[in-house]
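The values are calculated or read from the model by the stated rules, or taken from the named source; none is laboratory data. Predicted, not measured: the structure shown is a model, and the values here were computed from it. We place every Cβ from the backbone using ideal geometry, glycine too, and count neighbours over all the protein chains shown.
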Amino acid sequence: MRGQREIDRAPVATAPPTAGRLTVLSLSPLDEDHLSIHAIIGHSAWAHLPCYELASAVALLRQYDISVILCAEHLGHGKWIDLLNQISVMPTPPSLIVVSSAADARLWAEALNLGAWDVLEKPLDRREVIRSVKSGWQHRYDQAYGRTIAKTLKAAG
C-alpha cells in the first residue's frame, strides 16, 4: 500500500525545475497545505515541488536548486528546525519560510532568530505568500551572486 501512496502523492510541478527558474519546495504532511500553495503559485512560471517527509525534502535539495522552502511547523516526524539545521550547512541555502496555523510571537521570534526567512500563518494569504517567496528568492540570489561578484571584484582589484 505504501507504493500506491507514493504514486498518489507524486510531486506535481507547476513547471519543471530548471536552472534559472525559481523553485519552491513545500514540505508538509498535509495534502491541503500543498493544494493551497499550488493554488497560489500554480499560475506562475515558478516550479512547485510538494514533499511530505523531511528525508524526501533533503533528497530533493540534493537533486534540485531549490530557491525557497515553505515548511510546515510540525512535520509528523520532526519540525521545521530540523530542516533549517540541514540547509544551514549548504553554501547558499534556500530561504526557509515557516508555515503555521498558530504563528504566535514565540514562533516568530524563534524562527527569525534561528535563521528562517519568514513566518506565514494559515490560512495562507495569496499576497503574503507571493511577497514572502519573492523576497526570500531575492535574498538567496543576493547571497549567491553577491558573493560571486564580490570575489570577482576582489580578484580583479
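Things to note:
A quick yes/no check of all residues on (1) among the basic types (Lys, Arg); (2) within 16 Å of residue 99 (Cβ to Cβ):
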| residue | (1), (2) |
| --- | --- |
| 41 | no, yes |
| 47 | no, no |
| 56 | no, no |
| 62 | yes, no |
| 65 | no, no |
| 72 | no, yes |
| 76 | no, yes |
| 79 | yes, yes |
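- Residue 69 meets the stated requirement of being under 22 Å from residue 142 (Cα atoms), modelled with pLDDT of 95 or more and buried (at least 22 other Cβ atoms within 10 Å of the Cβ).
- Considering region 116-146, and only residues there that are among the small types (Gly, Ala, Ser) and more than 13 Å from the chain's Cα centre (by Cα), the residue that is farthest from residue 101 (Cα to Cα) turns out to be 146.
- Qualifying residues in region 111-126 (those that are without any contact (Cβ under 8 Å) to a residue 24 or more places away in the chain and more than 19 Å from residue 33 (Cβ to Cβ)) - the one surrounded by the fewest Cβ atoms within 10 Å (Cβ to Cβ): 113
- Scanning region 99-149 for residues that are at pLDDT below 95, assigned to a loop (DSSP other than H, G, I, E, B) and of a type in the set (Asp, Glu) yields one hit, 104.
- Against the list (1) under 25 Å from residue 107 (Cα atoms); (2) surrounded by 20 or more Cβ atoms within 10 Å (Cβ to Cβ), the condition residue 47 fails is (1).
- Test: residue 25 is within 12 Å of the chain's Cα centre (by Cα) and part of a helix (DSSP H, G or I): no
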